[in-house]
1. Just give me the residues in region 89-103 being in contact with a strand residue (DSSP E or B) (Cβ under 6 Å, 6 or more places away or on another chain), not in a loop (DSSP other than H, G, I, E, B) and not hydroxyl-bearing (Ser, Thr, Tyr), in sequence order.
2. I want to confirm something. Restricting to region 61-87 and keeping residues that are of a type in the set (S, T, N, Q) and closer than 16 Å to Lys37 by Cβ, which single residue is least open to solvent (accessible area, probe 1.4 Å)?
3. Across region 88-112, which residue is least open to solvent (accessible area, probe 1.4 Å) among those that are at pLDDT below 90 and hydrophobic (A, V, I, L, M, F, W, C)?
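The values are calculated or read from the model by the stated rules, or taken from the named source; none is laboratory data. Quick caveat, the model's predicted, so the values are computed rather than measured. When we count neighbours, we look across all protein chains shown, and the Cβ atoms used for this are built from the backbone with ideal geometry, even at glycine. The area values use the complete protein model at the heavy-atom level, side chains included, leaving out ligands, DNA and RNA. Shrake-Rupley method; radii C 1.70, N 1.55, O 1.52, S 1.80 Å.
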Amino acid sequence: MLFSHLHIRNTVGLIGEEEAVRLLKDKGYRILERNWKMGHLEVDIIAENKEAIVFLEVKTRTSDFKRAEQYVDSAKKFRMQTAANAYIRANRCQKYPRFDIIGVQLAKDGRNVLSITHLENAFMPKMKSYGVPV
């Protein structure tokens with residue numbers, strides 16, 4: 001039973017990521033990476049447009065209890081920021097980094113897309129402020 005539950009969850013996630021990529025391409029983004037990993041860190045999609053390099057988390061759900069994007073907690077945001085820093089350094093990115101969330105709502109059967117929401121600038125990285133000696 002556990003295997004079938006994991007298989008269904010992975011399939012739902014893949015459908016959501018495919019829908020997210022389709023939406024981004026329709027909006028003119030260029031997909032740079034999918035499921036980019038470094039150690040234990042992962043970013044679902046890394047894309048760019050003219051202004052920014054965009055790190056995206058895709059959340060796909062078949063229930064309507066909460067919007068899919070509401071499942072991105074502060075720990076996930078921190079891991080995304082850490083991964084983004086590593087990606088930016090490794091690839092010498094010059095564009096402004098942005099963090100987006102795409103929420104995909106599927107019908108209970110897990111096949112039909114009911115809605116897709118792209119939250120641009122969904123969150124800003126936490127920055128430490130250091131005093132500058134005068």
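1. Pro97, Arg98, Phe99, Asp100, Ile101, Ile102, Gly103
2. Among residues in region 61-87 that are of a type in the set (S, T, N, Q) and closer than 16 Å to Lys37 by Cβ, the one least open to solvent (accessible area, probe 1.4 Å) is Gln81.
3. Of everything passing the filter in region 88-112, Leu106 is least open to solvent (accessible area, probe 1.4 Å).
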